[in-house]
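Inspection log for the structure reproduced underneath, given as structure tokens.
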Amino acid sequence: MATLELIGFGSNGWGALLLLAALMTLCVTATALAIGAVLGAIISAAKLSGKTWLVALGNVYTTVFRGVPELLIIYLIYFGGSSAVTSIGKAMGYEGFLGMPSFLAGALAVGIISGAYQAEVFRGAYLAISKGELEAASAIGMHRGLRFRRIIIPQVLRFAIPGLGNVWQLSLKDSALISVTGLAELMRTSQVAAGSTRQYFLFFIVGGILYLILTSLSDRVFNGAERRANRSMPTAAMGKA
């Protein structure tokens, strides 16, 4: 009974805080995925450009941020960003240490990592587009902008959904590392609850269950999006022209 009270929603329970922490985990992961999508699109465009220096730049980005441990990148962003903010503060006459907001640092770090993986997802999705579709679009007089909007973007998103689902799951797990910055996400809150109650096994199991619930719900969302995208015929975009 005492165990149920600890994970309940009463005055002595941690249930509400754990649910809020799970919501924080979703928010920081979604923000990171959005940052990664922008970076990934830019890097994939660079790698597909055919220009030697842009291809080399894209390769360096994806190699570095897929090869360096995620925790190290989080430390670099958080402490490096805090040092930069402190320097700016001193230049403006403020004395003392100014820390970078943990949410911003965590989302940016995981987003940069996510961008390296999303770049490869977008690149592979673009290469999967039928060359015949692009040639047919040119043949009927579609200009470059219209072809990009009506053919390339819909098809890239369609082919990218499974890969983006995998990147989302990776980012969701990587968000646990943001706890080192002090952000009260699911991992951090589970640690605090376990330390406060000395019920380590209980709260880490509850935290693990909540992560599994988040990943399972995410799987259903991405699987549904994939089924919906595949309902439309690949030539549907041509019909809109």
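The values are calculated or read from the model by the stated rules, or taken from the named source; none is laboratory data. Keep in mind it's a predicted model, so treat the numbers as computed, not measured. Ideal geometry is used to build each Cβ from the backbone, glycine not excepted, and the neighbour counts take in all protein chains shown. These area figures cover heavy atoms from the full protein model, side chains too; ligands, DNA and RNA do not enter into them. Shrake-Rupley method; radii C 1.70, N 1.55, O 1.52, S 1.80 Å.
Here, the chain is characterised by an Rg to Rh ratio of 1.08, where Rg is the alpha-carbon radius of gyration and Rh the Kirkwood radius.
Within the chain, what is the longest stretch that has no trypsin sites (Lys or Arg not before Pro) placed in a DSSP loop and near at most 16 other beta-carbon atoms within 10 Å? The longest uninterrupted stretch comes out as 52-197. In terms of Cα to Cα distance under 13 Å, which aspartates and glutamates are near enough to LYS173, apart from those fewer than 8 places away along the same chain? Output for LYS173: GLU70, GLU185. Long hydrophobic helices in the chain, taken as whole DSSP H segments with a C-alpha length of 30 Å or more on their own axis and mean Kyte-Doolittle hydropathy at least -0.5: 15-48, 70-91, 102-127, 200-231.
For the set ASP174, ASP219, solvent exposure ranked by accessible area (probe 1.4 Å, protein chains only) runs largest to smallest as ASP219, ASP174.
Over all directions, the projected convex hull of the C-alpha atoms in the range 86-184 averages 9.6 nm² in area. Placing +1 on the Cβ of every Lys and Arg and -1 on the Cβ of every Asp and Glu, with no other charges, gives the range 110-217 a dipole of roughly 240 debye about its Cα centre. Residues THR52, THR63 ordered from highest to lowest accessible area at a 1.4 Å probe: THR52, THR63. Cross-link reach is defined here as a Cα-Cα straight distance under 17 Å, omitting same-chain residues fewer than 8 places apart; for LYS90 none of the aspartates and glutamates meet it.
Of the accessible area of the range 132-226, with the probe set at 1.4 angstrom, what percent is carbon plus sulfur?
Details: 3140 of 4960 Å².
Carbon and sulfur atoms account for 63 percent of the accessible area of the range 132-226.
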